[in-house]
1. Taking the conditions exactly as written (farther than 25 Å from residue 16 by Cα, part of a loop (DSSP other than H, G, I, E, B), at pLDDT 75 or above and not β-branched (Val, Ile, Thr)), does residue 61 satisfy them or not?
2. For region 33-54, does any single residue satisfy the condition of being in contact (Cβ under 8 Å) with a residue 24 or more places away in the chain, part of a loop (DSSP other than H, G, I, E, B) and surrounded by 12 or more Cβ atoms within 10 Å (Cβ to Cβ)?
3. Of the residues that make up region 65-74, is at least one surrounded by 13 or more Cβ atoms within 10 Å (Cβ to Cβ), under 23 Å from residue 117 (Cβ atoms) and at pLDDT below 90?
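The values are calculated or read from the model by the stated rules, or taken from the named source; none is laboratory data. Being a predicted model, the structure only gives us computed values, none of them experimental. Cβ atoms come from the backbone with ideal geometry, glycine included; neighbour counts cover every protein chain shown.
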Amino acid sequence: MQDNYQEFFVRCCEQRLKGWLSASAIPGQSQQEAMQLNQFMAYLDQSCLDLASKRLLTEADLSRIDHHLLGSGRIEHLSELPVWLHLKVPQPVFGMDGEDPDDPWAKERVAAFFFRAQASTEILSRVLVLPIPTGCATR
C-alpha cells in the first residue's frame, strides 16, 4: 500500500513525462516533428495533471460508487476538468482472475486513475498559453 500519496503522484507524473518525451516517431514523421509533438503532448499532459482535482478514495467510497453509480449502469456527468483518483487500497485489475498463473496481469493492482477530461475549450484555455507574437512593440 502507498503511504505517501503526494510522493506517488509525483512519481507517476515523472514517469508519464519520460514516456511522452521518449515516444517514437510516427512513420513518415521527421525526428524534428516527432520531438516537437512529444514536447507539446508532454506539456499538455503535465499541465492537465497540475490542474487535476485530486481525490483519495477509501474502501467506503468504492462501495458507494459500486452501489450508487455502477448499480444504475449509467454515468450521468463527466468532468470537464482533469481528475486524479488515488485508491487508498490498490485494487485488482478489473476482469482479471487473480489466481490464473498464465495471466501476467493476475497479481497487478491499480493504485490510481487519471481522467484527463475531454479536450474542451475549458481545459485548453487553462492549459495553453498563447505565444507572444515576435516583432510586437511595447510602450
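1. Answer is no for this residue.
2. yes
3. Within region 65-74, one or more residues are surrounded by 13 or more Cβ atoms within 10 Å (Cβ to Cβ), under 23 Å from residue 117 (Cβ atoms) and at pLDDT below 90.
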